[in-house]
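Only one structure is covered here, and it is reproduced in the block below.
The values are calculated or read from the model by the stated rules, or taken from the named source; none is laboratory data. The structure presented is a predicted model; accordingly, all values stated were derived computationally and were not measured. Backbone-built Cβ (ideal geometry, glycine too); neighbour counts: all protein chains shown.
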Amino acid sequence: MKETVKAIVFIAITLLTAILCPTLGLTDVQTVATTLFVAKTAATLLFWKFRLAIGFIALALLFVFGTLDMEHFIEFAGLDVIIFLVGMMTVIGYLEEGGFFEYILEKIMRIGRGNPMRVFYALMIASFLLAALVDEVTSILFITALVLQLATISKINPIPLMMATVFATNIGSSATVVGNPIGVMIALKSGLTFVDFLLWSLPMALLSLLIIAFICSKYYSNYIKNIKVEEISSNSDKSPKNKDHTIHWVIFLGTLTGLVLHHQIEALFGLSEGVMLIGVALISAGIVLLLERARAREIIEERVDWWTLLFFLVLFASVGTLKYVGVIDVIAKGYLGLGLKDFELYMFFVLSAGFLSSMMDNVLAVAVLIPIVKEFQNYGLNIFPYWWGMLYAGTYMGNLTPIGSTANIVAIGIVERRQHVSFKDWIKIGVIVSMPTLILASIITYLRALYLSI
C-alpha cells in the first residue's frame, strides 16, 4: 500500500508540473525539460534506493525528447567534480583501510578523558575536524561507531549523542573544499580556492560550532551527566592495521598542502583556474595506487563510490538541461521580479535555498541553485556572498531534518539498528541549531563582502 501511495504522489506531481508549466509562460521545450526534471527529482526522493535507475531513465528521456544533445551532455555532466571525487575517494579509502582515522580519533578522545562534558565536546570537535579534513560521510561512519561504543559502555540512549555529532559534522563539512561534495561543486563552478574557504567559510564554521556545542550541552545537560568517563579503547578487531602511520601522515599532509596551495601553483605555472584542485587529488591517488600496487584495482573498485558518482553525473546533466533550455533564466528572473533590495534578496535566496536543501538531498538542491546564482551575475548582482550563502544553506540547514544531509541519513541508518530515531525529536533541536547558525553566518558573510567591496 505504501508503494502504491508513493506511485500516486509521483504521478500527481508529474501531471501537475506538466499542466502548470505552460500557464507560467514556459515554452514547449522548457515544459518538457522541467517536467522531466521534477518527475526525476520526485521519483528519486520517493524511491531513493532506485535513484540511479531513475536517473538513467530520466537522462535517456532527455535525449529522446530532444531537450539534450551529446555535446551539451558532456558540457553539463560535471566531470571536473566527479574526477576530483574519484581521486579523493581513492586517497581516503587508502587511509581508512590503514586505520589512520581511527588513530586520529583515539588521540582526540583522550582530550575528554575524566570529564563527561569534555568527552561530549571532544566528540563534537572530532566530528567537526574529520568532516572538514576528510568528508562528512567518512567522518560520520567513524564517529557513529564511537558513539555506539560509548553509549554501550555508559548504558545510555545513543540518539542524542549521535545527533550532536551529526550537527557538528554538517557544520564541519562546510569549513573546507573537501568536506562536502557541494563544497567541491561550488569551488569548481565559482573559482573559489581552498584558501578562500579557509578565509571565509572556516571562521563561520568555527563560530557555528561554538553555538551548536553550547546549545547541545544545555539541551542535553542531564543526558551528558550519564556518560561514563573511562577511557574508550578500540576492540582488538577494530584496531588500526598499521601502527606506523608515517606514510599515512605524508599522504594526508601532502594532499592537504597541495589543495591549500593549488591556486598559487596554477598562477606559478600559468595553468587554468581550478585545474590543480583536480591535479592534486589525482597525483595523490596515483601515489596511493603505486604504493598499493597489488591491490590497486581493488581499491579503485571498492573504495570509490561509483554508484554515487554516476548519480551525480546524471543529476548534473539534467540540471544543465534546465540551463540549456532557459528555465534557469526564468527562475532567476522570478527571484529578481520580487522587487527585493540587495540584502533582502540575498537573505530570501539563502533561506529558500536552506529549506529546499533540508527537505531534499543537499547535492540535489545545490546542483539546481548553482546555475541560478550564475544567472544572477548576468543581471549585475554581486554573487560573491551568494556562493557562501548557498554553501551554508546546503550544510547548516542539513541539521534541520533527518534527511537534510547524507551524514544524517548514514548515521540514522546505523543507529536505527538499535533504536528508532523520531522525526519530531530531531526537528525540536534541529530548528534551534540550524536557523541561528545559517542566519548569523549569512549576515556576517554579506557584511564582510559589502565592506571589502566598498
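Quickly run through segment 27-80 and pick out the residues that are of a type outside the set (D, E, K, R), in a loop (DSSP other than H, G, I, E, B) and farther than 15 Å from Leu310 by Cβ.
Those that are of a type outside the set (D, E, K, R), in a loop (DSSP other than H, G, I, E, B) and farther than 15 Å from Leu310 by Cβ: Thr27, Phe47, Phe65, Gly66, Thr67, Leu68.
Residues that are surrounded by 22 or more Cβ atoms within 10 Å (Cβ to Cβ) and of a type in the set (Ser, Thr, Tyr) within segment 349-382 comprise Ser357, Ser358, listed in sequence order. The set of residues from segment 265-279 being in contact with an Asp or Glu (Cβ under 8 Å, 6 or more places away or on another chain) and at pLDDT below 85 comprises Ser272, Glu273, Gly274. Would you confirm, using the coordinates I've provided, whether Ser318 is more than 18 Å from Thr138 (Cβ to Cβ) and at pLDDT below 90? Spelling it out, Ser318 is indeed more than 18 Å from Thr138 (Cβ to Cβ) and at pLDDT below 90. In the set (1) more than 22 Å from Ile403 (Cα to Cα); (2) modelled with pLDDT of 85 or more; (3) more than 19 Å from the chain's Cα centre (by Cα); (4) in a helix (DSSP H, G or I), Ile156 fails one condition alone, (4). Among the residues of segment 97-104, are any surrounded by fewer than 21 Cβ atoms within 10 Å (Cβ to Cβ), of a type in the set (Phe, Trp, Tyr) and in contact (Cβ under 8 Å) with a residue 24 or more places away in the chain? Yes, segment 97-104 contains at least one residue that is surrounded by fewer than 21 Cβ atoms within 10 Å (Cβ to Cβ), of a type in the set (Phe, Trp, Tyr) and in contact (Cβ under 8 Å) with a residue 24 or more places away in the chain. The set of residues in segment 25-37 being in contact (Cβ under 8 Å) with a residue 24 or more places away in the chain and more than 31 Å from the chain's Cα centre (by Cα) consists of Gly25, Leu26, Thr27, Val29. Across segment 53-60, not a single residue is classified as under 30 Å from Leu253 (Cβ atoms), touching a residue at least 40 places away in the same chain (Cβ under 8 Å) and aromatic (Phe, Trp, Tyr). For segment 371-384, does any single residue satisfy the condition of being part of a helix (DSSP H, G or I), touching a helix residue (DSSP H, G or I) at 6+ places or on another chain (Cβ under 8 Å) and farther than 25 Å from Phe37 by Cα? Scanning segment 371-384, I find at least one residue that is part of a helix (DSSP H, G or I), touching a helix residue (DSSP H, G or I) at 6+ places or on another chain (Cβ under 8 Å) and farther than 25 Å from Phe37 by Cα, so the answer is yes.
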